[in-house]
1. What does the extension gain come out to for Val6 and Arg149, with contour length at 0.36 nm per residue minus their alpha carbon separation?
2. When the helix-only estimate is applied to the chain (DSSP H runs of n ≥ 4, each -39,500 (n - 2.57), divided by the residue count), what is the mean residue ellipticity at 222 nm, nearest 500 deg cm²/dmol?
3. Give me, ordered by chain and number, the residues 5 or more places off Gly122 or on other chains with an amide H under 5 Å from its own placed amide H.
4. Between (i) -0.72, -0.84; (ii) -0.42, -0.62; (iii) -0.52, -0.67, which matches log10 I(q)/I(0) by the Debye sum over Cα atoms at q = 0.10, 0.12 Å⁻¹ calculated for the structure shown?
5. Just the number, please: percent antiparallel of the DSSP beta bridges in the chain, rounded to the nearest 5.
6. At a probe size of 1.4 Å, how large is the accessible area of Met157, to the nearest 10 Å²?
7. Quick query: amide H of Glu11 versus all other amide H atoms, modeled in the peptide plane; which residues come in under 5 Å with a sequence gap of 5 or more or a different chain?
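The values are calculated or read from the model by the stated rules, or taken from the named source; none is laboratory data. Keep in mind that this is a model prediction, so the values were computed, not measured. To get the accessible areas, we keep the full protein, side chains included, count just its heavy atoms, and leave off ligands, DNA and RNA. Shrake-Rupley method; radii C 1.70, N 1.55, O 1.52, S 1.80 Å.
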Amino acid sequence: MRDYDVIMLQETHLRPEQEMQLQVPLQYNCLALSRPQTRDFMHGGAGLLTIYRSDLALMDVTPAYQHEFIAVRIGDAVLLSVYLPPPSSPWLENYVQPVEQSLRELVHHFVEVQGLRLIAMGDFNARVGTLSLGESRYSPDSIVTARGRHIIQTGAMYGLQLLNGTKCYDEPRSVTRWLS
């Protein structure tokens, strides 16, 4: 862990305030975002955790109303950790607007309004097949979902690049998917 300045994890399944019990090395701090428990959904699920070196000039810029994003600013860049629930998740019924729209608005805010560089990473629960934003990509998955198209469109609107499956990797990767 000491080799990294910032570590961003998704689907931590931390419940509210459990981050206080985490043991991180002395030179590190953490930010956690747990999905609130409700009467209908007793287990919070999802959750995001960012662990960072305490000597970094890092600022938490996560909007207060979000449960699916942690945003941290370092200089003129924002690291955005994303967890979008699967399209079949009952959690989506609790949202005021679609999570894809929240993502697009957040990207717009950081890139267009504040003029910051953005690196977004995480679990988008989207499939984009071999669609790309300029850089050619390889993917063993040929399926494109509606959310996948939305993410590609958002990237195109704001000059972002999808990295998985590009020459940034030494060899083609398999589809990341967990089935129970």
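1. Working: separation 143, 0.36 × 143 = 51.48 nm, distance 2.90 nm.
Gain on extension, Val6 to Arg149, equals 48.6 nm.
2. Estimated from H runs of four or more residues: -3500 deg cm²/dmol.
3. Correct list: Val82.
4. Recomputing log10 I(q)/I(0) by the Debye sum over Cα atoms at q = 0.10, 0.12 Å⁻¹ here gives the entry labelled (ii).
5. Close to 75 percent.
6. 100 Å²
7. When sequence neighbours closer than 5 places are left aside, the close amide H contacts are Gly47.
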